[in-house]
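Have a look at the structure below before the remarks.
The values are calculated or read from the model by the stated rules, or taken from the named source; none is laboratory data. Since we're looking at a predicted model, the values are computed, not measured. Because the Cβ atoms are built from the backbone with ideal geometry, glycine has one as well, and the counts that use them run over all protein chains shown.
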Amino acid sequence: MPKRFTVTAALPYTNGPIHIGHLAGVYIPADIYSRYLRLQNKDVAFICGSDEHGVAIALKAKKEGKTPQQIIDQYDQLIRESFESFGIAFDHYSRTSRKIHHQTAQEFFKILYDKGVFEEKDSEQLYDPEAEQFLADRFVTGTCPICQNPEAYGDQCESCGSSLSATELIHPKSTLSGAQPELKKTRHWYLPLNQYEDFIKEWILEGHQHDWKPNVYGQVKSWVSNGLQSRAVTRDLDWGITVPVKNAEGKVLYVWFDAPIGYISSTKEWAEKNGKEWESYWTDKETQLVHFIGKDNIVFHCIIFPVMLKASDRFILPENVPANEFLNLEGQKISTSKNWAVWLHEYLKEFPDQQDVLRYVLTANAPETKDNDFTWEEFQARNNNELVAIFGNFINRVMVLTHKYYDGYVPEPGTLEQEDLDALETMAKLPAKIGQTIENYRFREASQQLMGLARLGNKYLADAEPWKLIKTDPERVKTIMHTALQISSALAILAEPLLPFSSTKLKNMLNLDSKNTSWAAVETQKALLEPKHLLGKTALLFKQIEDDQMDAQRKKLTAAALENNIEEKLFAPVKPTTSFKDFDALDLRVAEIIQAKKVRKTKKLMELTVLMGDEERTVVSGIATNFEEAELVGKKVTLLANLKPRSLKGIESQGMVLLGENQGGHLVFVGPEDQTTVSGTPIK
RNA sequence: CGCGAGGUAGAGCAGUGGUAGCUCGUCGGGCUCAUAACCCGAAGGUCGCAGGUUCGAGUCCUGCCCUCGCUACCA
């Protein structure tokens, strides 16, 4: 076992609140892991903080007419408070906007800079002459060169799905000022990942083939086999950490360069406050570093950050990066922008004192091996059928019986029979089993093992039937209740990492001596509760969740998403005046769809065969997410007939079907009102 | 033929060559200490599809299909 542990959880980005996806993917598993280690009396630093730089925050601030500082202050506070009341027990939660982080990140950059690690390269990038700044690809919109969508982004066209480069756009426009961007030379520092391919291969592909999760390992393998590229670690932006070298005015560290360093600066801050030495947590070989992240972060935590650490020649590398997959919500992807999410701060208000329910549901259904779905139906079922019916009910039975028979005092046991011994033995083996599971990052399984103990308790009571024996053999009942109380105590202790609030509640109910609450106590102590020990008052550990609560949640979800949709999109402004000649150049015709087939291996493309007069044409159109094959056949549509043919996915598209797009992103055909219009009819 | 992960009972998952398992749900029975909770039993799967290797395949190989990610918001 390593001497100490540095556990990090992905730094939340302060442009929105925390939702259940973040919790299930990162914060709950990280918290379980750290709590478990602390119960083992390990030296643990559980580190996190707000990630507050980057383009997205700058953009959001501009949109809302605020300063970036206002945005990050607002969300940092919200996130900080909701983590706190949800019981994510960070040892330290910092912010990347703090001085200590700016210093640490700059030092880090300097170390690599002085070692000559970086490549310096000039490149031409789009520049907004009005806003006087360089534009990230996302800040540029224009007409897609492939599908002619006038609102394609600089990095991707959402209409046809093609990935683009901002310089390819026709009529590019800066989203900051509306000005037409120009190309301008700029100099940046690049991290030459390609020089570290062998390092990554040896370290991960050979060294961690069996102990890292397949999804993480596979992802890394995929990146490496595609060949690693140099990556710019600086940006032209006015929001971030200034690049600490000469000739770098107006440049900041790329947010992905500075963010992981936030783990280090947060550790420093924590160490300073607690009179500790931070270095050992990041440089000592006997420290085990573990990063908890979501799958989108794999490349940064398995390749880029490790390369930075390695290049510094100073820091240790992560022992494991147990990244989770994604959680969906009621069958759809969680989306901040579409407001399709369960927000933590709202949950905490609407389900007061029920943090553990969400913790349990998100753990039991965690996306450990593949994407999973969160539904309110399951939330309710797991609460009512598992937490209430199995765990809570067992405790309640034991408490009620003990108070009834012995006025709340733990009875003196007689001779233990085989069934008692069996139950106690199973119980004593559980800490090691759960521990093993947690150490292997299998939190889902750990939650089931814990529930297994409560299940065992119920069965033990059902088999022993103390409520019957109390009339015939009261001495035997004492032994039974004593045993059941030991199981209850074990539950209180072992529940701590997974259900910390309930664990505390239960310990208080049992009046459990804090000296007896370590992980090891369950395996070694004969009696966690001694005879004549007085229990506290009985209270319900969990409560039933009713149907109407769930209905309300579901309604809220759809309502919020709908409202968001209406507010979100405004129609694009009218384009510049054109001439009749230009319009006349377009040959629009009525055409009839006679066949429709989804293009294989694409999301949006549909291969249409249309009839224009007696001419048959093939048209590839990005409408597959909106329409089924069957409903298209027989439809009369408007076809732009003289558009230059273009090959999409190997199919030549001979024209373009005209569609209107409404606010919700739904497509509607623009065709002749009279569906009997003869196909081939020209439109003027 | 871009790469990676996943596709096992109604739902969520385990199972890397030797008679298909766990939890929840469903159905039937029992019990009454307990938040109509608990306990027992049963039904329910041609392990995405098609081939192949093997005495034997969910498990190995080949091809294909579906979902998700790698690609905005985002874990």
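Data for the structure
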| read-out | value |
| --- | --- |
| Scan of the stretch A:3-32 for residues that are away from RNA strand B (no atom under 16 Å from the Cβ) and surrounded by fewer than 23 Cβ atoms within 10 Å (Cβ to Cβ), ordered by number | A:Lys3, A:Arg4, A:Phe5 |
| Selected residue [under 25 Å from the mean Cα position of the chain (by Cα), over 21 Å from A:Val55 (Cβ atoms) and among the hydrophobic types (A, V, I, L, M, F, W, C)] from A:Val245, A:Val255, A:Val299, A:Val224 | A:Val224 |
| Single match in A:Tyr460, A:Tyr405 (criterion: more than 9 Å from RNA strand B (Cβ to nearest atom) and not β-branched (Val, Ile, Thr)) | A:Tyr405 |
| Cross-chain or 6+ apart pairs with Cβ under 7 Å, the stretch A:647-675 first and exposed (fewer than 15 other Cβ atoms within 10 Å of the Cβ), then of a type in the set (Ser, Thr, Tyr) and at pLDDT below 70 | A:Lys649/A:Thr602 |
| Members of the stretch A:414-438 that are hydroxyl-bearing (Ser, Thr, Tyr) and either in a helix (DSSP H, G or I) or touching a Lys or Arg at 6+ places or on another chain (Cβ under 8 Å) (or both) | A:Thr426, A:Thr437 |
| Filtered residue count, the stretch A:220-234, keeping only those that are assigned to a helix (DSSP H, G or I) and either among the hydrophobic types (A, V, I, L, M, F, W, C) or surrounded by 19 or more Cβ atoms within 10 Å (Cβ to Cβ) (or both) | 3 |
| Index of the failed condition, A:Lys468 passing every other in (1) more than 14 Å from RNA strand B (Cβ to nearest atom); (2) more than 30 Å from the chain's Cα centre (by Cα) | (1) |
| Subset tally (residues that are basic (Lys, Arg) and more than 6 Å from RNA strand B (Cβ to nearest atom)) for the stretch A:354-397 | 2 |
| Matching residues, the stretch A:391-413, being hydrophobic (A, V, I, L, M, F, W, C) and outside any helix (DSSP H, G or I) | A:Val410 |
| Hits in the stretch A:202-213 (condition: touching a residue at least 40 places away in the same chain (Cβ under 8 Å) and not charged (D, E, K, R)) | A:Trp203, A:Ile204, A:His208, A:Trp212 |
| Residue match in the stretch A:261-273 (condition: touching a His at 6+ places or on another chain (Cβ under 9 Å), assigned to a loop (DSSP other than H, G, I, E, B) and either within 30 Å of A:Glu206 (Cβ to Cβ) or aliphatic (A, V, I, L, M) (or both)) | no |
| Identity of the residue in the stretch A:506-551, assigned to a loop (DSSP other than H, G, I, E, B) and charged (D, E, K, R), that ends up surrounded by the fewest Cβ atoms within 10 Å (Cβ to Cβ) | A:Lys526 |
| Only listed residue being within 15 Å of RNA strand B (Cβ to nearest atom), within 28 Å of A:Thr369 (Cα to Cα) and out of contact with any strand residue (DSSP E or B) (no Cβ under 9 Å at 6 or more places or on another chain), chosen from A:Thr437, A:Thr426 | A:Thr437 |
| Count - residues of the stretch A:58-81 that are over 17 Å from A:His102 (Cα atoms), within 12 Å of RNA strand B (Cβ to nearest atom) and among the aliphatic types (A, V, I, L, M) | 4 |
| Evaluation of A:Lys251 against (1) under 30 Å from A:Tyr127 (Cα atoms); (2) crowded, with 23+ Cβ neighbours inside 10 Å; (3) in contact with a strand residue (DSSP E or B) (Cβ under 6 Å, 6 or more places away or on another chain) (one fails), failing number | (2) |
| Members of the stretch A:628-668 found to be farther than 14 Å from A:Met612 by Cα and modelled with pLDDT of 75 or more, listed by number | A:Leu658 |
| Where A:Asp313 falls short, out of the listed (1) at pLDDT 85 or above; (2) within 11 Å of RNA strand B (Cβ to nearest atom) | (2) |
| Scan of the stretch A:285-301 for residues that are among the charged types (D, E, K, R) and more than 6 Å from RNA strand B (Cβ to nearest atom), ordered by number | A:Lys285, A:Glu286 |
| Per-region count, the stretch A:195-215, residues more than 8 Å from RNA strand B (Cβ to nearest atom), surrounded by 13 or more Cβ atoms within 10 Å (Cβ to Cβ) and in a helix (DSSP H, G or I) | 9 |
| Neighbours by Cβ (under 6 Å, 6+ apart or cross-chain): first from the stretch A:420-434, touching a residue at least 24 places away in the same chain (Cβ under 8 Å); second acidic (Asp, Glu) | A:Ala428/A:Glu523; A:Pro431/A:Glu523 |
| A:Ile434 vs. criteria over 19 Å from A:Val398 (Cα atoms), surrounded by 20 or more Cβ atoms within 10 Å (Cβ to Cβ) and β-branched (Val, Ile, Thr) | yes |
